[in-house]
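Please treat every number below as a calculation from the coordinates, not as lab data. As the structure is a prediction and not an experimental result, all values here were calculated from the model. Virtual Cβ from ideal backbone geometry, glycine too; neighbours counted across all protein chains shown.
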Amino acid sequence: MADRNQQQEVVMSLDEQNPETVKADLLRRYPIKIARKRSKQIVVNKVGACDDVPQISSNVRTIPGLIGQRGCCYAGCKGVVLGPTRDIINITHGPIGCGFYSWLTRRNQTDPDSSEDKHNFIPYCFSTDMQDEEIIFGGERKLRKAIQEAYDNFKPKAIAVFATCPVGLIGDDIHSVCREMKEKLGINVFGFSCEGYKGVSQSAGHHIANNQIFKHVVGLDDTVREGEYKVNLLGEYNIGGDAFEIDRIFKKCGISIVSTYSGNSSIDDFSNSHTADLNLIMCHRSINYVAEMMDKKYGIPWIKINFIGAEATAKSLRKIAGYFNDQKLIDRVEQVIAEELPEVKKAYLEIRPRTEGKKVMLFVGGSRAHHYQELFNELGMKILSAGYEFAHRDDYEGRKVIPSIKVDADSRNIEELEVTPDPGKYSPRKSPEEMNALENQGIKFSDYEGMMPAMKDGTLIIDDISQFETDAMIEIFKPDIFCAGIKEKYSVQKHGIPLKQLHSYDYGGPYAGFKGAINFYKEIDRMVNSKVWGYIKAPWEKNPELTATYAWG
Amino acid sequence: MLLRHTTKEIMERSALTVNPAKTCQPVGAMYASLGIHGCLPHSHGSQGCYAYHRTALTRHYKEPVIAATSAFTEGASVFGGQANLLQAIDNIFAVYNPDVIAVHTTCLSETIGDDIPQIINKAKADGKIPDGKYVIHANTPSYVGSHITGFSNMTKAMVDYFSSQNGPKQKTINLIPGYVEPSDMSEIKRIAREMGISSLMFPDTSQVLNGPMTGHYQMFPAGGSKIKDLQSTGNSLGTIAMGRMASLAAARALDAKCKVPYEMIDLPIGLQATDIFVDSLRKMAGVNVPESLSIERGQLLDVITDMQQYFFGKRVALVGDPDQVLALTKFLVSIDMYPVYIVTGSAAGKKYQKALEEATKDIPHEVKIKVGGDMLLLHQWIKNLSVDLLIGNTYVKYIAKDEDIPFIRFGFPILDRIGHSYFPTVGYKGGLRLVEKILDAVLDRKDRDSTDINFELVL
Ligand code: SF4
Ligand code: SF4
């Protein structure tokens, strides 16, 4: 594994540059007001004694005209959180575009044959395709009819409705239409007011999705399923089959997943998920709300885990075993780690000589820019800079800063559900004493330490990086690999630098768990050592002079 | 089964679109804007729209697609987006310095009713638009029409903002290529060049969305219609507009504004449509068709006649954008194929529907046409009686796999193959490529389905 001590040496230089000077370079071109705002979103990392780090401004408004990579509230709600659930008919209420773009574009693998009814609506796109009539006279009638038609054609067990920008403006009450149709059809019908302009990024949509799922689905089915060590896996969307790999490992260990939010998921699993005994959070940003609410209402504690990286996977498994505090599970987990880890080690030891010291930048999402550092560390690569698109301060600096986060107007508009213990179903899974004892053993509940404390001093942390800053960082540092998304992919590659997509995985994966780690090492080896980047200069550009034999004269 | 809930039974649907065969206006406007040299497309709305549109175009072209947004928040949605657009214009010129910003609206800004020309005027008055730089706009509400409408509106905006009669008539012909690929735009220009005709094309995305790998990223690549060329389109002899839905509006506007007459033709897909294109060019410019083009034509016809047995009688299902679908239908019919199921996503009107009916009237099978339909309907037709070949965008592969039908990717978007950016499907050369694709698909299937006894070496 990467030598942590060596990593922690305090240097305020970054790849032989002064990070403060680099920061100034990034800001120089900007109009003064913009420079001032961006300078709070670009921070030179410095980790203090108690893991305290400098404050970074994040989850703030996108600057018009600056060109970044964020999406909208609808994308976070319909695309990210609800998209991977196969057996709900998701109707986009709005003009055709929003539904079209979120149709099958997120690679959420699912296995419909594993549920009894085998429903799978993921390959379908449902839209009310709003026309100007509806914009003028209102779209509720068309929505009502669309729900009816969805029911008549497909007989689903649940229908969800997602509002897009114009819907909020024309004042359609999607929730009352849903209530009415729920009554009429006798199936679960519920809506999400996730108009794209809400909040400042897809993050608002995650929150809205969490709220509605919690309100309309969680807790509907009290059946206690068979199985030991019951957990929910939250914020794992099964891109490229990640959740399948985690499933595989859990099965080997004897851990039962009640529900995954929301990779390879069924709405039936959500309804039943309050029967689990522990919530595990992968992507903290997109799903922490459900975990918090389940804790309050049902008494299920949550811990942050990370299955990206071999060492991180092992550590997460041990945390889970520690929580259940049962020797059978502890032994089983140790046995699984002992079985799986050697092969992973063999893989990275073989590859590492070819990747050691290569430079990486990661600008992506709300958790992956942190998680993937584990894998790069295992390959001995150097992380120069990282940032998120839509994270909040707690994802950067750790949850300890939450009390000091000022709630601005954009966030205040996103509903915070009032949650109280359920009179019938609240049952704390551990007594306060047990919780204390576990905390003392190092299992932190309801906590996430954030990305910055895990990064070296002097690295540049850049929130919501702009196109201009992206190009400048590449020019300045010439990284060996750049991790981001599809919109950045080809501009970065035109610079002659490979870009690894960490949303879609470039159609590869899985990268989670032990087998996933091996896939990732091989993938990065392929990318940073490929010949194909070496052909940019044609022979006549390398040697422009003509030889005497052929020259005139 | 991928589309496991699709039934044979067809129920009337009037409110629910399932598996659309079209998308929204702004993405077409963004694509058209990228066909102006040095232009930064700008989406006036919340940032989700531009994120989606950039993503869709990026996946289709595997090239950088750069654009900006007004990034509306809830406040802007209530009070209007003027402040956001003004700030965006300021920042864009300061940081990225394009020659042109091409603003298109979104559902959101249209529903609010932002007055873009007024905001542009204010930007001008406030000195936010540097000398020699331009901000143009098109209204592209997505609850009207489709991505083709957006393309058409932005193409027309190029005329509205730039075209003028600023000098004597030139022996130049304007070419409005329609919503086609960068490769097609190059090919259309090449044909004109081959005929010795000087032409101005707009929009022109060649060498913008199929640029070379150089090791240097250029936000504004070499291609695109130049401003001075757009300005002088008003001095040209005439305009050839290809694809009614995408190009008519601009051609008409240019005629009205600068008295440049136009010829409205189908997209030059296939032998006869290319004949019409070449003949229109010949007549308008008063030139002879060179031998080189006659050879290209003859080669295409040669392959068609040699392989006619494999085209004959094949039942085809076709889905896509109206201009493409019409031209392709005529081509398929002309080589003795039977396009029996035809769906366009965009509602293109009664006349358009008539044109499709006319083109397919001699097919000795029941022909089903839905203008303004979706892919669920197409799939249901196929479930009732199958076809030999499917043609459409990448989403059609789900139907192709489920029903085990040979499939050719054609149209927008193509997310899983390359080729469309580099190899045209217009002109005689493009016709050859289409014919090759059709034969590959049909003959691969024949090989696959042959028994060991009737498997053939030579076909
Ligand atoms: S809100 Fe309108 S413009 Fe934006 S993606 Fe949706 S349909 Fe397109
Ligand atoms: S980290 Fe990436 S995949 Fe996960 S929710 Fe956040 S954006 Fe989505």
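Looking at chain A alone, DSSP beta bridges between its own residues are antiparallel in about 15 percent of cases. The share of Cα pairs per 5 Å bin across the stretch B:306-449, counted from zero up to the longest distance, runs 2, 9, 21, 25, 23, 15, 5, 1, 0 percent. Short-range pairs are left out: with C-alpha atoms under 8 Å and at least six residues apart, the relative contact order of the stretch A:305-451 is 24 percent.
Once you have a ≥ b ≥ c as the square roots of the Cα gyration tensor eigenvalues for the stretch A:73-216, tell me rounded if a/c is under 1.5, and otherwise prolate or oblate according to whether a/b is larger than b/c. Because a/c hits 1.5 or more and a/b fails to exceed b/c, the stretch A:73-216 counts as oblate.
Step through the table entries B:62/B:124; A:40/A:359; A:46/A:315; A:359/B:62; A:23/A:78; A:78/A:304, compare each Cα-Cα distance with 29 Å, and write down the pairs that go over it. Don't skip to the end; give the middle numbers.
Details: B:62/B:124 36 Å; A:40/A:359 25 Å; A:46/A:315 25 Å; A:359/B:62 24 Å; A:23/A:78 36 Å; A:78/A:304 24 Å.
Pairs exceeding 29 Å: B:62/B:124; A:23/A:78.
Given in Å, the Rg to one decimal and the Dmax to the nearest whole number for the Cα atoms of chain A are 24.6, 99. If a/c stays under 1.5 just call it rounded; otherwise compare a/b with b/c (prolate if a/b is bigger, oblate if not). Do that for the stretch A:331-436, with a ≥ b ≥ c from the square roots of the Cα gyration tensor eigenvalues. Oblate. Cα centroid separation, the stretch A:268-321 to the stretch B:339-397: 49 Å.
Quick one: A:540, A:302, A:533, fewest Cβ neighbours within 10 Å first, how do they rank? Intermediate results must be reported in sequence, preceding the final value.
Working: A:540 9, A:302 24, A:533 16.
With the fewest neighbours first, A:540, A:302, A:533 line up as A:540, A:533, A:302.
Put simply, the stretch A:403-494 fits an ellipsoid with semi-axes of 41, 21, 14 Å; these come from the alpha carbon gyration tensor as the roots of five times its eigenvalues, largest first. Sorted ascending by nearby beta carbons within 10 Å, beginning with the fewest, A:27, A:384 become A:27, A:384.
For the stretch A:113-150, GluC sites (Glu not before Pro) are listed when DSSP marks them as loop and at most 13 other Cβ atoms sit within 10 Å of their Cβ; the list is A:116. Rounded to the nearest 500, the helix-only mean residue ellipticity at 222 nm of chain B stands at -14000 deg cm²/dmol, with each DSSP H run of n ≥ 4 adding -39,500 (n - 2.57). On C-alpha positions alone, give me the angle between the axis of helix B:375-384 and the longest principal axis of chain B, in degrees, nearest 10. For B:375-384 against chain B, the angle is about 10 degrees. Cα centroid separation, the stretch B:65-140 to the stretch A:449-526: 31 Å.
In the P(r) worked out for the protein assembly as shown, what percent of Cα pairs fall beyond 55 Å? The partial results should precede the final answer.
On the way: 78309 of 511566 pairs.
Looking at the protein assembly as shown, the distances longer than 55 Å represent 15 percent of pairs.
Which net charge results for the neighbourhood of residue B:454, defined as the other residues with beta-carbon distances under 11 angstrom from its beta-carbon, given Lys and Arg at +1 and Asp and Glu at -1?
On the way: positive: B:446; negative: B:447, B:449, B:452, B:456.
That works out to -3.
For residue A:145, the lysines whose Cα comes closer than 19 Å to its Cα, not counting residues fewer than 8 places off in the same chain, are A:155, A:157, A:182, A:184.
On average, how many beta carbons from a partner chain sit within 10 Å of the beta carbon of a residue in A:113-124? Intermediate results must be reported in sequence, preceding the final value.
Numbers: counts 2, 0, 0, 0, 0, 3, 2, 5, 4, 1, 10, 10.
Mean inter-chain Cβ contacts per residue within 10 Å come to 3.
Rounded, prolate or oblate for the stretch A:4-119? Axes are the square roots of the Cα gyration tensor eigenvalues, ordered a ≥ b ≥ c, and the cut-off for rounded is a/c under 1.5.
The shape class here is oblate.
As a proxy for reagent exposure, A:208, A:320, A:170, B:173 were ordered by neighbouring Cβ count within 10 angstrom, fewest first; the result is A:170, A:320, B:173, A:208. Here the protein assembly as shown carries DSSP beta bridges of which approximately 10% are antiparallel, counting only pairs with both residues inside.
By the rule of a C-alpha distance below 13 Å, with chain neighbours fewer than 8 residues away ignored, the aspartates and glutamates paired with residue A:37 are A:463, A:464.
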